[in-house]
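Novice: Sharing a structure with you now.
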Amino acid sequence: MFLHGFAPLFWAGAKETLALAVLSLAVSVLLGLLGASSKLSRHGPLRGLATVYTTLIRSVPDLVLMLLLFYSIQIAVNHLTDAFGWDHFDIDPFTAGMLTLGFIYGTYFTETFRGAFLAVPREQLEAGTAYGMSGLRVFGRILFPQMMRFALPGIGNNWQVLVKATALVSIIGLTDVVRVAQDAGKSTFNMFFFILIAALIYLAVTSASNLVLMALERRYSIGVRHAEL
């Protein structure tokens, strides 16, 4: 029998892994935009806070941060429920993993977006403002399309690393691809085979992601290619 009957579990684990990666990406992109804006802000406290965030988080291994943040979130929830006399509840591994990965990789997206923002000529933004565009319109029509062209290589790299980092969430109890592979390997005494299956699933996700990223790079490089011709 294919995968010794573990095929449905692998399918469920793959969907769990992909959902975790996508939602963690959304959190990290949001934090990255906020962090990059703060680092480029004229306000010293915002710049200092963003610098502490990126420096501290990038200096600690992801696994250590995963365990620290998972338990600190649960402890904070316990204190909150005690303070208000509410019933205790446990943070599920999926939510904890999503918030933790988003928080960690928000630091990398901060630097990616900061560099991309700086690469857009300021004169073009000033010209848009002088033309009468609002700040939101300048961002949507001038800054964002050009920023994405510079940011996409870094976004692609961060996404690939983020997908692989979802494997860490199995440590806190998430039934993802890695956990399914471990359970299947232990029950069949064929650990190498099932870990190889998990590796192939990750390879399939990252390979499909490369196709999407290449399409996005072509989309945001249209004007540049035309100008070069």
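Novice: In region 153-183, what count of residues is obtained for those that are at pLDDT below 90, buried (at least 20 other Cβ atoms within 10 Å of the Cβ) and not polar (S, T, N, Q)?
Specialist: Residues in region 153-183 being at pLDDT below 90, buried (at least 20 other Cβ atoms within 10 Å of the Cβ) and not polar (S, T, N, Q): 4 in total.
Novice: Of everything in region 73-128 that's charged (D, E, K, R) and either surrounded by 18 or more Cβ atoms within 10 Å (Cβ to Cβ) or under 30 Å from residue 178 (Cβ atoms) (or both), which residue is modelled with the lowest pLDDT?
Specialist: Top of the filtered list is 90.
Novice: Determine whether region 33-40 contains at least one residue that is surrounded by fewer than 15 Cβ atoms within 10 Å (Cβ to Cβ) and charged (D, E, K, R). I'd like the intermediate steps shown before the answer.
Specialist: Applying the first criterion (surrounded by fewer than 15 Cβ atoms within 10 Å (Cβ to Cβ)) to region 33-40 yields 40.
When the remaining residues are screened for being charged (D, E, K, R), the result is none.
No, every residue in region 33-40 fails to be surrounded by fewer than 15 Cβ atoms within 10 Å (Cβ to Cβ) and charged (D, E, K, R).
Novice: Contact list please: Cβ distance under 6 Å, first residue in region 44-72 and free of Cβ contacts under 8 Å to residues at least 60 places away in the same chain, second residue surrounded by fewer than 18 Cβ atoms within 10 Å (Cβ to Cβ) and not aromatic (Phe, Trp, Tyr), pairs at least six apart or on different chains.
Specialist: 47/41
Novice: Would you be able to tell me the number of residues in region 193-222 that are aromatic (Phe, Trp, Tyr) and within 27 Å of residue 67 (Cβ to Cβ)?
Specialist: Matching residues across region 193-222 total 2.
Novice: Here is a follow-up. Every residue in region 1-60 that is under 18 Å from residue 104 (Cβ atoms), in contact with a helix residue (DSSP H, G or I) (Cβ under 8 Å, 6 or more places away or on another chain) and among the polar types (S, T, N, Q), please.
Specialist: Passing the criteria: 17, 24, 28, 38, 51, 54.
Novice: Another question, if that's okay. Could you grab the pairs with beta carbons closer than 7 Å, sequence gap of 6+ or different chains, first residue in region 6-17 and under 13 Å from residue 94 (Cα atoms), second one part of a helix (DSSP H, G or I)?
Specialist: Hits for this filter: 13/177; 13/179; 13/180; 17/166; 17/177.
Novice: Residue 218 fails exactly one of the following numbered conditions: (1) touching a helix residue (DSSP H, G or I) at 6+ places or on another chain (Cβ under 7 Å); (2) of a type in the set (Lys, Arg); (3) under 30 Å from residue 118 (Cβ atoms). What is the number of that condition?
Specialist: The single condition residue 218 does not satisfy is (1).
Novice: Within region 154-190, track down each residue that is in contact with a Leu (Cβ under 7 Å, 6 or more places away or on another chain) and aromatic (Phe, Trp, Tyr).
Specialist: Passing the criteria: only 159.
Novice: Give the number of residues within region 169-192 that are closer than 23 Å to residue 69 by Cβ and not hydroxyl-bearing (Ser, Thr, Tyr).
Specialist: 10
The values are calculated or read from the model by the stated rules, or taken from the named source; none is laboratory data. This is a predicted model, so every value here is computed, not measured. Glycine gets a Cβ as well: all are built from the backbone with ideal geometry, and neighbour counts include every protein chain shown.
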